[in-house]
Amino acid sequence: MTAERSEVTLRVAARDAGSRLDKVVAGLAGVSRAVAATLVANGDATLNARTAKGNTRVDVDDWIVVWITAPLGLVPTPMPIEIAYGDESVLVVNKSAGRVVHPGAGHDSDTLVNGLVYQYEDLADLGEDRRWGLVHRLDKDTSGLLMVARTPAAFDSLRSQMSARKIERVYTALVHGPLQSSAGTVDAPIGRDPQRPIRMAVVRGGRAARTHYQVTERWDGHDLLRVTLDTGRTHQIRVHLQSIGHPLVGDPVYGDRRTSVADPGRVWLHATTLRFRHPVSNEEIRVAAPIPRDLGETLEMLRTIRA
């Protein structure tokens, strides 16, 4: 098996300030503390472009870069996966927060794809060209519904629906408020941030992107949104809402220095609903996933404070 060397970069968020460098590296790279300590000791992890000791305490806005040599190839791995809908052609997974979707640097055997291929061997036949059936993706810390095709024909059909904007994807998001309008659309191109290329940003010449939002509940300093997408750019919801001054609660990359009692310790974003045409029967399929416990508890906290 061959290997590739990849770079992973992180800006330290407030919740990690004061932590040891090796601990943060372990979380960033998805490796054990022992492996992280070796990366730091070998100079394969740097703090603000310099080598440092593993016990160095990091601060807010520090930059950590980790170079990881990861094997190439797909390793079937047993893991619990919640299937919200499934038949011989398509699966809809209710992904848990913290689960990386696709193999990459630091995650060669613990991703959702590894688990899906273990449970559904036919997905391996789709190969990397068809993303092992993944019709779209979710960020690591985003929970909720993710569509997976089980056959080449189903994949091509669902991707065609996605390109034609015929698949409805509804998200629930908690942002720092208040928004001036109870509903709106952000229509702005997204591309690599020229100042910080590990991030995406609204940039001239970027790829067209359109996000619709509607406020469904308000609290002092927080708004709960129903969000739908016309496009599916990387980090689209996070980038667009940050661009209008209302970043997602708990977002360590696109958030600002505002703190929140409703911070769940991860990005407050859940893929709530998927609606699509079945690739074989053409029947309309609608799948919904309830708000997970960690996010639900933050909403109850806000409602209790308001009461």
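The values are calculated or read from the model by the stated rules, or taken from the named source; none is laboratory data. In this text the structure is predicted, and so the values were computed from the model without any measurement. Here the Cβ positions follow ideal geometry from the backbone for every residue, glycine too, while neighbour counts run over all protein chains shown.
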Give me the pairs: first residue in the stretch 73-84 and farther than 15 Å from Val100 by Cβ, second residue aromatic (Phe, Trp, Tyr) and modelled with pLDDT under 95, beta-carbon distance under 9 Å, and six or more apart or on different chains, which are they?
Pro76/Tyr118; Pro78/Tyr118
Return the only residue of Arg233, Arg226, Arg238 being touching a residue at least 24 places away in the same chain (Cβ under 8 Å) and either over 17 Å from the mean Cα position of the chain (by Cα) or surrounded by fewer than 19 Cβ atoms within 10 Å (Cβ to Cβ) (or both).
Arg226
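This table checks each residue for (1) at pLDDT 95 or above; (2) of a type outside the set (Val, Ile, Thr); (3) in the same structural domain as Arg11 (by TED's automatic domain parsing); (4) under 22 Å from Asp16 (Cβ atoms).
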| site | (1), (2), (3), (4) |
| --- | --- |
| Arg199 | no, yes, no, yes |
| Tyr213 | yes, yes, no, no |
| Asp220 | no, yes, no, no |
| Gln236 | yes, yes, no, no |
| Asp256 | no, yes, no, yes |
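Counting only residues that are in contact with a strand residue (DSSP E or B) (Cβ under 7 Å, 6 or more places away or on another chain) and not in a strand (DSSP E or B), how many does the stretch 53-68 have?
Summing the residues that are in contact with a strand residue (DSSP E or B) (Cβ under 7 Å, 6 or more places away or on another chain) and not in a strand (DSSP E or B) in the stretch 53-68 gives 6.
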Could you list, in sequence order, all residues of the stretch 42-52 that are part of a loop (DSSP other than H, G, I, E, B) and loosely packed, with under 12 Cβ neighbours inside 10 Å?
Asn42, Gly43, Ala49
The conditions are (1) within 20 Å of the chain's Cα centre (by Cα); (2) surrounded by 17 or more Cβ atoms within 10 Å (Cβ to Cβ), and Pro197 fails exactly one of them. Which is it?
(2)
Given the criteria surrounded by 18 or more Cβ atoms within 10 Å (Cβ to Cβ), more than 23 Å from the chain's Cα centre (by Cα) and either assigned by TED's automatic domain parsing to the domain that holds His102 or more than 23 Å from Arg99 (Cα to Cα) (or both), does Leu39 qualify?
no
